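**Student:** After the structure tokens below, expect a handful of questions from me.
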Amino acid sequence: MDTVLLTGAASGIGRATAWRLAREGRRCVLVDRNAEALHALLTALRTALRPEGAALDHLARVADLTDPDQIHALADGLPPLDAIINNAGMTDASNLPAVDQADDNWQRLLDLNLHAPARLLRALHGRLTRHARIVNVASGAGLRAIPMRGAYSPSKAGLIAQTQALAQAHPELRVSVLCPGFVQTDLVDGLIASGRLDPVRAVAKIPLGRLAAPDEIACALAFLASDDAVLVSGGRLSVDGGSSVFGGSQAYAPSAIAPAPCDTPLSLTVHGHWPALHSTEVRDGDDAVIDATVEVRDGYDAVIDATVLNSPPGGRLAATLAAARRHGSRDAPGSLTLLLPRAADTDWEHAGDDAAARMLVATLACEWGPRARRINAVEVASAEPNPALSPLLRFVAGAQAQYLTGQTLCSR
Ligand code: NAI
């Protein structure tokens, strides 16, 4: 049984993640400083999942993760861990400029958001199984500065850099960092209630026109903390409704399209040569190959298109546009996932065309977002179909990634 230690489990993203992990049959070690909410969650998990017999030995540990001694003490009596999700985090509520922050507030926030993940790894290193997964929860605020939130943006930028350095230093671990956009949790509700976040103005910068539900971020965390994410180890995943790629000045209206449940099965069509994903092959009249598998009718509409991967250097922008023309006019919510060659493998003369193709993916995400139509790209190492990529492609294309759009993911 996979055992996952999850911090900040008692509320918001953490609580949703605990439920998802438990439903997937993984054993959780739940950590939070809020003893009451933590034990209520443990009881609820045990009660709800008892019939399936999957939740009987979840564990809960109360700890204030700003305190190095309490982090150190967590190692006592823990089972071997297959994954750690460092989710606990706080924002600054003082509404003061950075230079006017009280030292203890400043330090407490850094201790939790930046130092606790490293301290926890040191404390638990001896408990980790081979190739254990470490997933850190940063924020879009670590990529773009948010003023009047004290050390929040610096702490999250630090966590992104620390994760990437950890991946380099410890290649035996599977390390990744998630940058969520706005998620409808207590943290965000608190900012809205105190007048420090205007939800309409926040949504106006999000191509998908809505905040994320905690379960959508939980899906991404459960994926990153699994063996299925091995090929994106060392990477950063921004699950933010497209806000990180949007640079326009128009305001998005709140979306009237409700997301499908995360567990909606895929109605998958594969275009281009990528037989690893499917079993049926359909040839059209000329020499183009269209491979199509519809696994479930009326499922989440997803297209995976491998034609850009097989286009020549210098032709990738045109191939991306052609793929968008083929699939972009569909009206139903859904996704288009393009396979691209790795940018690092492109020679200098064609690097501009490759970068233009990636920016077209982002541009299309901004244009299609109001229709809940997503587009992402996955860089792959070889044009030879690789079955190990299937879980990643299914995740990106599917309903579990409905808040992911405009991104180019690098796979190893
Ligand atoms: P939340 O405030 O709903 O939950 C945070 C949890 O961490 C709570 O259960 C709290 O008791 C626990 N916690 C706080 N301080 C702790 C400490 N010193 N020791 C142990 N546990 C502690 O927050 P939310 O929204 O679920 O955020 C989770 C993570 O996601 C945080 O790292 C946050 O920065 C990040 N994030 C959240 C976004 C949002 O829009 N909600 C956006 C981007 C990132």
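Just so it is clear, none of the values below were taken in a lab; they were calculated from the coordinates. All values reported here derive from a predicted model rather than from experimental measurement. Heads up, the Cβs are rebuilt from the backbone with ideal geometry, glycines too, and the neighbour counts pull from every protein chain shown.
**Student:** Apply the a/c threshold of 1.5 to the C-alpha gyration tensor of the range 3-245 and tell me whether it is rounded, prolate or oblate.
**Tutor:** rounded
**Student:** Classify the range 133-280: rounded, prolate or oblate, from the alpha-carbon gyration tensor (a ≥ b ≥ c, eigenvalue square roots; a/c under 1.5 rounded; otherwise prolate if a/b is larger than b/c)?
**Tutor:** Because a/c hits 1.5 or more and a/b fails to exceed b/c, the range 133-280 counts as oblate.
**Student:** Considering only DSSP beta bridges whose two residues both sit in the chain, what percent are antiparallel, to the nearest 5?
**Tutor:** Among the beta bridges of the chain, antiparallel pairing accounts for roughly 5 percent.
**Student:** Let me ask another. Using the basic label-point model (7 angstrom from Cα toward the beta carbon), what is the Ala258 to Arg196 distance in nanometres?
**Tutor:** Those two pseudo-labels are separated by 3.2 nm.
**Student:** Let me check I have the definition right: for the range 361-404, take the eigenvalues of the Cα gyration tensor, multiply each by 5, take square roots. What are those semi-axes in whole Å, largest first?
**Tutor:** 23, 13, 6
**Student:** Give me the one-decimal nm value for the distance between modelled label points at Ser94 and Asn310, 7 Å along each residue's Cα-to-Cβ direction.
**Tutor:** Result: 6.0 nm between the two label points.
**Student:** Follow-up question, since we're still on this one. Taking only C-alpha pairs under 8 Å that are 6+ residues apart, what is the relative contact order of the chain in percent?
**Tutor:** 14 percent
**Student:** Would you work out which of Asn113, Leu74, Val230 lies farthest towards the positive end of the dipole of the range 3-245, given +1 charges on the beta-carbon of Lys and Arg and -1 on that of Asp and Glu, about the Cα centre?
**Tutor:** So the residue furthest toward the plus end is Val230.
**Student:** Rounded, prolate or oblate: which fits the chain when a ≥ b ≥ c are the square roots of the eigenvalues of the alpha-carbon gyration tensor, with rounded for a/c under 1.5 and prolate only if a/b beats b/c?
**Tutor:** prolate
**Student:** By how many nm would the segment from Asp67 to Met359 grow when fully extended, if each residue of separation counts as 0.36 nm and the alpha-carbon distance is taken off?
**Tutor:** 100.8 nm
**Student:** Let me ask something else about it. Quote to one decimal, in nm, the extra length available between Arg46 and Ala351 on full extension: 0.36 nm per residue of separation minus the C-alpha distance between them.
**Tutor:** 104.5 nm
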